[in-house]
Amino acid sequence: MSGIAFPVPDEGVLARRDEIIAGLARLVAPDALVTAEDERRAFETDGLTAYRRLPLAVALPSTTEEVSAILKFCKEQGVKVVPRGAGTSLCGGAIAQEDAIILGVSKMNRVLDVNFGDRTMRVQSGITNLAVSGAVSYEGFFYAPDPSSQLACTIAGNIAMNSGGAHCLKYGVTTNNILGVRMVLLDGSIVDIGGDALDAPGYDLLGLVIGSEGQLGVVTEATLRILRAAEGARPVLFGFSSSESAGECVAAIIASGIVPVAMEFMDKPAIQICEAFAKAGYPEDAEALLIIEVEGSDAEMDATLAKIVDIARQHGVQTVRESKSAMETAAIWKGRKSAFGATGRIADYICMDGTIPTGQLPYVLKRMDEIVKSYDLRVANVFHAGDGNLHPLIMYNVNDPVEAHKAEEAGNDILKLCVEVGGCLTGEHGVGIEKRDLMRHQFTDVDLEQQMRVRAVFDRQWLLNPAKVFPLDGRWIPDSEAA
């Protein structure tokens with residue numbers, strides 16, 4: 001693929017590479033600086049593997065103070081910095097540039113404090129999402145956001161993209177579960193935003209930082225909200241004869257006021273792909289599948305499920321299969337959370353990420369199928385149905401430039417559709433490079449300029465993750481910098 005442009009590298013920075021590396025070497029341990037070409041290759045891309053750029057160097061600090069020293073040095077030297085967690089970004093958010101260093105936080109992966117009484121925990125930002133829940137599960141607590149990549153993705157990346165997951169319908173996305181962060185600004189300043197309370201005084205700077213894709217600073221620590229696990233949880237599989245019927249059922253459940261803990265959608269291609277991988281007992285004769293999970297006491301779950309089953313029957317449900325054991329529950333969720341990897345076993349694909357009003361689901365599902373077929377491609381749909389966060393997997397041959405271009409164009413048309421029905425370009429994957437040039441489809445030039453003015457308060461020189469989020473040809477630069 002070559003449809004997404006990158007800025008032309010700064011030749012002056014490239015010419016000073018040895019000098020810049022020598023400066024970084026004075027700030028971190030020898031094993032925390034990656035400079036050899038073959039070793040840098042491991043950092044040339046992220047989850048959007050169609051695009052690759054070899055970074056100038058890779059720094060892997062172990063402390064907030066080291067991050068501070070690195071950023072201060074890079075600002076003085078005019079060197080771009082691309083913050084990176086685990087590199088699972090599907091929008092190219094962690095892809096580097098030739099004249100930029102990658103600043104990875106993977107070595108900063110410790111739990112710093114746990115307070116069960118106040119239901120909070122403080123962690124370094126390089127800890128993985130799954131490790132957070134693992135650190136408190138012995139007391140019956142968990143951390144709610146659960147992206148499919150939770151085994152690998154870091155809290156730093158979750159904060160950058162405001163990630164969600166299957167259970168975000170009831171518990172919210174990252175921004176609803178972060179109480180505070182420690183962040184290093186470009187000049188090396190260390191700031192604490194938010195705190196241990198549910199609502200900190202002053203401007204909501206925490207809301208500004210979460211979802212900012214590493215363009216305002218580098219988060220090194222986070223205070224998380226942890227929750228007591230429910231008494232019980234029960235997923236149920238619902239099979240439908242069409243995607244439209246399943247979409248109408250989702251809209252009706254939400255409209256009724258019922259809020260399950262999770263409501264996931266798969267169409268027939270996704271059902272077959274995931275069942276072949278996970279052997280989860282998905283109904284392969286169904287054209288669409290809903291995984292609906294409820295939680296609480298047995299009586300609560302029975303009552304809620306009775307209402308949901310009644311609504312599903314009104315929309316022609318063909319299969320209702322309730323999990324009967326912890327093993328069945330694990331298999332059901334293994335299939336859903338393995339969807340992206342399982343699809344990768346049979347085809348190359350682009351995983352899109354857009355959000356729509358749930359009432360538009362039936363129409364959008366029909367139009368997405370028409371869009372992809374018009375490009376003579378295949379699509380598998382798997383997404384968070386309850387909050388309208390779509391994840392169509394557009395399958396293509398990565399070695400065929402024509403198909404690769406068609407896949408990108410089909411994805412762009414789907415994202416435009418999301419905006420046109422009242423949704424937005426992203427739900428949890430971020431903008432990165434993938435949707436950067438579609439930002440004008442959702443925002444006016446005035447809207448974008450105001451966003452860039454806020455960004456400039458933190459980084460007037462466009463050194464932090466500079467090729468992401470905003471269209472390259474319309475960047476607002478402060479007057480003092482433009483000169």
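A few points about this structure:
- Number of the condition not met by I254 [criteria: (1) modelled with pLDDT of 95 or more; (2) under 27 Å from the mean Cα position of the chain (by Cα); (3) over 27 Å from G134 (Cβ atoms)]: (1)
- Residue match in the stretch 341-352 (condition: among the acidic types (D, E), surrounded by fewer than 23 Cβ atoms within 10 Å (Cβ to Cβ), more than 24 Å from L130 (Cα to Cα) and modelled with pLDDT under 95): yes
- Number of the condition not met by F265 [criteria: (1) crowded, with 23+ Cβ neighbours inside 10 Å; (2) among the hydrophobic types (A, V, I, L, M, F, W, C); (3) under 21 Å from M121 (Cα atoms)]: (3)
- Matching residues, the stretch 424-445, being in contact with a Leu (Cβ under 9 Å, 6 or more places away or on another chain) and free of Cβ contacts under 8 Å to residues at least 60 places away in the same chain: L438, M439, R440, H441, Q442
- Residue count for the stretch 35-47 under the criterion of being aliphatic (A, V, I, L, M) and open to solvent by less than 20 Å² (accessible area, probe 1.4 Å): the result is 0.
- Whenever a residue of the stretch 212-239 is of a type in the set (F, W, Y), its partners that are surrounded by 24 or more Cβ atoms within 10 Å (Cβ to Cβ), lying with C-beta atoms within less than 6 angstrom and at least six residues away or across chains, give the pairs F238/L290; F238/A312.
- Cross-chain or 6+ apart pairs with Cβ under 6 Å, the stretch 333-349 first and more than 16 Å from P392 (Cβ to Cβ), then open to solvent by less than 50 Å² (accessible area, probe 1.4 Å) and of a type in the set (S, T, N, Q): K337/S148
- Cβ-Cβ contacts under 6 Å between residues 6 or more apart (or on different chains), taken from a first residue in the stretch 449-474 that is over 12 Å from S212 (Cα atoms) to a second residue that is among the aliphatic types (A, V, I, L, M) and assigned to a loop (DSSP other than H, G, I, E, B), are listed as D459/L186.
- Matching residues in the stretch 129-143 - criterion: being surrounded by 23 or more Cβ atoms within 10 Å (Cβ to Cβ) and either in contact with a Pro (Cβ under 7 Å, 6 or more places away or on another chain) or not aromatic (F, W, Y) (or both): N129, V132
- Long-range neighbours under 7 Å by Cβ, at least six apart or interchain, first residue closer than 28 Å to F265 by Cβ within the stretch 130-150, second open to solvent by 20 Å² or more (accessible area, probe 1.4 Å) and part of a helix (DSSP H, G or I): F142/S133; Y143/S133; A144/Y171; S148/K337; S148/F340; Q150/L130
- Odd one out for A160, checked against (1) over 17 Å from the mean Cα position of the chain (by Cα); (2) touching a residue at least 12 places away in the same chain (Cβ under 8 Å): (1)
- Here is the figure for the stretch 193-251: residues that are in contact with a Leu (Cβ under 8 Å, 6 or more places away or on another chain) and part of a loop (DSSP other than H, G, I, E, B) total 9.
- Residue count for the stretch 432-483 satisfying the condition of being farther than 17 Å from K75 by Cα and either among the basic types (K, R) or outside any helix (DSSP H, G or I) (or both): 16.
- Contacts under 9 angstrom Cβ, first residue in the stretch 7-30 being within 22 Å of T64 (Cβ to Cβ) and open to solvent by 50 Å² or more (accessible area, probe 1.4 Å), partner part of a helix (DSSP H, G or I) and aliphatic (A, V, I, L, M), 6 or more apart: R26/A69; L27/A69; L27/I70
- Only strands (runs of 3 or more DSSP E) whose full extent lies in the stretch 23-137 are considered here, and the ones with at least 1 residues that are closer than 23 Å to K468 by Cβ are 57-59, 80-84, 100-104.
- Qualifying residue in the stretch 83-99 (condition: small (G, A, S), surrounded by 15 or more Cβ atoms within 10 Å (Cβ to Cβ), over 30 Å from G427 (Cβ atoms) and touching a strand residue (DSSP E or B) at 6+ places or on another chain (Cβ under 9 Å)): no
- One residue stands out in the stretch 163-175 among those that are over 9 Å from the mean Cα position of the chain (by Cα) and in a loop (DSSP other than H, G, I, E, B): the one that is surrounded by the fewest Cβ atoms within 10 Å (Cβ to Cβ), namely G172.
- Top-ranked residue in the stretch 353-377 [being among the hydroxyl-bearing types (S, T, Y) and in contact with a strand residue (DSSP E or B) (Cβ under 9 Å, 6 or more places away or on another chain); ranked as surrounded by the most Cβ atoms within 10 Å (Cβ to Cβ)]: T355
- Qualifying residues in the stretch 202-211 (those that are open to solvent by less than 60 Å² (accessible area, probe 1.4 Å) and free of Cβ contacts under 8 Å to residues at least 40 places away in the same chain) - the one nearest to D113 (Cα to Cα): L206
- Matching strands (runs of 3 or more DSSP E) fully within the stretch 258-354 where at least 3 residues are within 24 Å of N162 (Cα to Cα) and not hydroxyl-bearing (S, T, Y): 262-267, 288-295
- Looking at D187, D199, D192, just one residue is within 17 Å of N465 (Cβ to Cβ), open to solvent by 30 Å² or more (accessible area, probe 1.4 Å) and of a type in the set (D, E, K, R), and that residue is D187.
- When D437, D473, D445 are checked against the criterion of being acidic (D, E), open to solvent by 60 Å² or more (accessible area, probe 1.4 Å), under 25 Å from the mean Cα position of the chain (by Cα) and within 22 Å of D413 (Cα to Cα), a single residue qualifies: D437.
- Residues that are of a type in the set (G, A, S) and either surrounded by 20 or more Cβ atoms within 10 Å (Cβ to Cβ) or without any contact (Cβ under 8 Å) to a residue 24 or more places away in the chain (or both) within the stretch 378-423 comprise A380, A385, G386, G388, A407, A410, G411, G423, listed in sequence order.
The values are calculated or read from the model by the stated rules, or taken from the named source; none is laboratory data. If you're wondering where the values come from, they're calculated on a predicted model, not measured in any experiment. Here Cβ is always computed from backbone atoms with ideal geometry, including for glycine, and neighbour counts include all displayed protein chains. Ligands, DNA and RNA are stripped out before the accessible areas are found, and what is left, the full protein with its side chains, is counted by its heavy atoms. Shrake-Rupley method; radii C 1.70, N 1.55, O 1.52, S 1.80 Å.
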